[in-house]
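One structure coming up, written as structure tokens, with questions to follow.
The values are calculated or read from the model by the stated rules, or taken from the named source; none is laboratory data. Everything numeric in this text was worked out from a predicted model, so none of it was measured. No Cβ is skipped: glycine too gets one built from the backbone with ideal geometry, and neighbour counts run over all protein chains shown. What goes into the accessible areas is simple: the full protein's heavy atoms, side chains included, and nothing from ligands, DNA or RNA. Shrake-Rupley method; radii C 1.70, N 1.55, O 1.52, S 1.80 Å.
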Amino acid sequence: MSSADRPSRTTEAFFGRRRGKPVRPQQAAALESGLGAYRLDLSAEAPSDLRTLFETEVSAVRLEIGFGGGEHLLHRATEAPMVGFIGVEPFVNGMAKMMMAVRQTPLPNLRVYDDDATQLLDWLPPASLDGIDLLYPDPWPKKKHWKRRFVSSVNLDRFARVLKPGSKFRFASDIDTYVNWTLLHCRAHGAFAWQATEAADWHRPYEGWPGTRYEAKAIREGRRPAYLTFVRT
């Protein structure tokens, strides 16, 4: 997609801070070497077939936006070696943790991007993804910050462009207002059909769900997670 064709976006990023505690020397080394091996280069043209991005043969390609500490992404990429996974995480400490993990156990079916996910979405070719996961994104609870929520009409346009018909967009959150926000935006968009027939459907974790540290904290603090699944129509 050319720059002229890219959707408009807010001037503020959808993510918060880029750094937390200083990374240790061992983490810094893993980060440098890992990004050299796994990071996608968006200055090059995206291949028409994303499966060629990976060092191993894969049959499908999925995207996870904001993988945090990487618990879910590592679990999925390990249990499904024939699926290619692209993980986006601009938070340096989260990416460092992921690169430490793959330094110990390399994953040829993994690629990563460490900046704004909208840049990656605009780089991808149309109908190239078999699924998108947006798990526990920053809820930006203050009304003045709602424009920074990743779920928006503009970003749903991006999702609709890159997802194959019949593929799934999955969204998990422990913040009720963001869950309702996502349901309303997806219904208004028209390209996504919510896959739930009863309340238990969206309070039941996804099949094979490994859980995350953030989710465990939310449950301890009395917040009930919701797991939404939408199909690209």
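Which of the listed residues, F169, T105, V154, is farthest toward the dipole's positive end in segment 96-182, when Lys, Arg count +1 and Asp, Glu count -1 at the beta-carbon?
Ranked along the dipole, the leading option is V154.
Please give the calculated 222 nm ellipticity per residue for the chain, where each DSSP H segment of at least 4 residues contributes -39500 (n - 2.57) and the sum is spread over every residue; nearest 500 deg cm²/dmol? Before the final figure, lay out the partial values.
Values: 8 runs with 80 residues, N = 233.
The helix-only estimate for the chain comes to -10000 deg cm²/dmol at 222 nm.
Counting DSSP beta bridges in the chain, what percent are antiparallel, to the nearest 5? Each step should come with its number before you reach the end.
Details: 9 of 30 bridges.
In the chain, approximately 30 percent of DSSP beta bridges are antiparallel ones.
From the P(r) of segment 72-123, could you give the percentage of C-alpha pairs in the tail past 14 Å?
Working: 692 of 1326 pairs.
Here the tail beyond 14 Å accounts for 52 percent of pairs.
What does the accessible area per residue of segment 23-168 come to in Å², with a 1.4 Å probe and no ligands, DNA or RNA counted? Walk me through the numbers on the way to the answer.
Working: 6230 Å² over 146 residues.
The answer is 43 Å² per residue.
Additional query: Place a +1 charge on the Cβ of each Lys and Arg in the chain and a -1 charge on the Cβ of each Asp and Glu, then give the dipole magnitude about the Cα centre in debye, rounded to the nearest 20. Spell out each step's value before the answer.
Working: 33 positive and 27 negative charges, 185 e Å.
Taking the Cα centre of the chain as origin, the dipole is about 880 debye.
How large is the accessible surface of L184 in square angstrom, using a 1.4 angstrom probe and rounding to the nearest 10?
Rounded to the nearest 10, that gives 100 Å².
Long-range amide H contacts for D133: which residues qualify at under 5 Å (H placed 1.01 Å from N, peptide plane, sequence gap of 5 or more or a different chain)?
Sorted by chain and number, the residues that satisfy this are L63, E64, I65, R170.
For the chain, what does the relative contact order come out to in percent, with C-alpha contacts under 8 Å and a separation of six or more?
Details: 396 pairs, mean separation 48.3, N = 233.
Averaging sequence separation for qualifying contacts and normalising by length gives 21 percent for the chain.
Now a separate question. Could you check how much of the accessible area of the chain is carbon and sulfur, as a whole percent, using a 1.4 Å probe?
Numbers: 6190 of 11710 Å².
Ligands and nucleic acids excluded, carbon and sulfur give 53 percent.
So, one more: Restricting to Cα atoms and excluding each atom paired with itself, what does the Kirkwood estimate give for segment 104-233 in Å?
Values: mean 1/r = 0.0632 Å⁻¹.
Result for segment 104-233, one decimal place: 15.8 Å.
Could you tell me the distance between the Cα centroids of segment 157-187 and segment 49-120, to the nearest Å?
Using only Cα atoms, the two centres lie 20 Å from each other.
Would you mind getting the Kirkwood hydrodynamic radius of segment 164-211 from its Cα pairs, rounded to one decimal in Å?
Working: mean 1/r = 0.0824 Å⁻¹.
Result for segment 164-211, one decimal place: 12.1 Å.
Taking a quarter of the surface of the Cα convex hull of the chain, what do you get in nm²?
Values: hull surface 51.7 nm².
Averaged projected area of the chain's Cα convex hull equals 12.9 nm².
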